[in-house]
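Have a look at the structure below, then the notes.
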Amino acid sequence: MALLSKKDAKLVLDPLADNNPITIQVLGICSALAITAQLQAAVVMAISVMFVLGMGNVVISLMRNIIPSKIRIIAQLVVVAALVIIVDQVLKAFAYELSKTLSVFVGLIITNCIIMGRFEAFALGNTPWRSFLDGIGNALGYGIILVIVAFLRELLGSGTLFGIKVLGDPIAKTGVYALGYENNGFMIIPPAALIVVGIIIWVQRSRNPALIEEN
């Protein structure tokens, strides 16, 4: 971050921890529940959201002075929908099986409250460069949580990482058991994701008491 001013660096770094969109702002929870049973799907979703949010923030920032306030939400939806279509077509062209796994969840990026929230709260009032940094920072914060949750769910629920057997059944053709672990089926169902996110929130607030809300 040496090339960035302190204010610009803060746009990228703050969402990674103390202002994380999932664990602090409690946004984007749906995808954390739905697509984190597999690490590969979570990584692709994180990259997709990074592209859509980063580029979307730039486009909205460039258009901020010409978008009539009465139709700004419609304009934002058009921008994000166009970017999501690009993501969807790229996935179908280069990762068709994964695109089927993600299926409807890629389309639901359009309604991701993190994206619309950053358009409204930041891109409409800031320069393209700062808006880009804000988008990348929030997408990274979102992606980090998705990857952590998916890592734990796939490892403990299926005994695999990126589909490669790590724990559980005998390793093919060797007869060697991978640490003798028996898969926990509970971890691959959506409620497990909510529990993992809750544990992350608890750890984060334990380390930083300033994040604890007072009654």
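The values are calculated or read from the model by the stated rules, or taken from the named source; none is laboratory data. Quantities reported herein were computed from a predicted structural model and do not represent experimental measurements. Every residue, glycine among them, receives a Cβ derived from its backbone with ideal geometry; neighbour counts consider all protein chains shown.
Brief remarks on what is shown
- Among residues of the range 198-215 that are modelled with pLDDT under 75, those with a beta-carbon under 8 Å from a residue that is basic (Lys, Arg) and surrounded by 10 or more Cβ atoms within 10 Å (Cβ to Cβ) at least six positions away or on a different chain give the pairs Leu211/Arg205; Ile212/Arg205.
- Every pair of residues 6+ apart whose Cβ atoms lie under 7 Å, when the first sits in the range 66-81 and is farther than 16 Å from Phe122 by Cα while the second is in a helix (DSSP H, G or I): Ala81/Ile110
- Some residue of the range 14-27 being over 30 Å from Gly185 (Cβ atoms) and buried (at least 19 other Cβ atoms within 10 Å of the Cβ): yes
- Filter pass, Val78 being within 22 Å of Ile188 (Cβ to Cβ), of a type in the set (Val, Ile, Thr) and surrounded by fewer than 17 Cβ atoms within 10 Å (Cβ to Cβ): no
- The selection criterion, being of a type outside the set (A, V, I, L, M, F, W, C) and surrounded by fewer than 16 Cβ atoms within 10 Å (Cβ to Cβ), holds for Ser69.
- Considering the range 75-160, the qualifying helices (runs of 4 or more DSSP H), each wholly inside and each with 2 or more residues that are modelled with pLDDT of 85 or more, farther than 20 Å from Ile200 by Cβ and in contact with a Ser or Thr (Cβ under 6 Å, 6 or more places away or on another chain), run over 128-158.
- Leu27 under 15 Å from Arg118 (Cβ atoms), of a type in the set (A, V, I, L, M) and not in a helix (DSSP H, G or I): yes
- Against the conditions (1) assigned to a helix (DSSP H, G or I); (2) under 30 Å from Pro209 (Cβ atoms), Val52 satisfies every one except (2).
- Residue list for the range 28-57, restricted to those being in contact with a Pro (Cβ under 9 Å, 6 or more places away or on another chain) and surrounded by fewer than 21 Cβ atoms within 10 Å (Cβ to Cβ): Leu33, Ala34
- Filter result for the condition that a residue is surrounded by fewer than 14 Cβ atoms within 10 Å (Cβ to Cβ) and either under 18 Å from Gln38 (Cα atoms) or free of Cβ contacts under 8 Å to residues at least 12 places away in the same chain (or both), over Phe105, Phe94: Phe94
- Inside the range 1-46, residues that are among the charged types (D, E, K, R) and under 14 Å from the mean Cα position of the chain (by Cα) make up a count of 0.
- Residues in the range 8-20 include none that are part of a loop (DSSP other than H, G, I, E, B), closer than 22 Å to Ala95 by Cβ and touching a Ser or Thr at 6+ places or on another chain (Cβ under 9 Å).
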